[in-house]
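The values are calculated or read from the model by the stated rules, or taken from the named source; none is laboratory data. Owing to the predicted nature of the structure, the values given are computational and were not obtained by experimental measurement. Methodologically, a virtual Cβ is constructed for each residue, glycine included, from the backbone with ideal geometry; neighbour enumeration extends over all protein chains shown. Surface accessibility is based on the protein's heavy atoms, side chains included, excluding ligands, DNA and RNA. Shrake-Rupley method; radii C 1.70, N 1.55, O 1.52, S 1.80 Å.
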Amino acid sequence: HNTTLVISLDSLSADLYAKLTGIKNADLLHQVLKNIDRTRKVYKKLIERKDDYNIVRLAINTTVSSLNKNEVGKIKAFCDDDIYFICKPLAKLGNATNNWN
């Protein structure tokens, strides 16, 4: 339906993913990655070429903190060329203020 989907993914490590999300389920990241893979297959068919650019409609948004800063390259590589990679620093708002250090 001509939509763009942006998914938050801050870690590819199951333990760190559980810590960052606050959900104590060891299989959670596995399920998330499985869902992303299924979504990727659908959205890959929607990639358009315009001039010298690929227009993709699926994105991963990663918020960088001291806990996951070493994973940025891995997450970017995971996105490859069919998922747009968005990387932002932690905003000093909400619960982030409790974890700023």
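What to note about this one:
- With the simple spin-label model, which puts each label point 7 Å out from Cα in the Cβ direction, the Leu46 to Lys19 separation comes to 3.4 nm.
- Residues of the stretch 1-33 falling in the label zone of Asp80, defined by backbone nitrogen less than 17 Å from a point 7 Å along Cα to beta-carbon, are 33.
- Dipole magnitude of the chain, debye to nearest 20 (Cβ charges: Lys/Arg +1, Asp/Glu -1, about Cα centre): 180
- Contact order, relative form, for the chain: 30 percent (alpha carbon pairs under 8 Å, 6 or more residues apart, mean separation divided by residue count).
- Rolling a 1.4 Å probe over the protein heavy atoms of the chain, with every protein chain left in place, gives an accessible area that is 51 percent carbon and sulfur.
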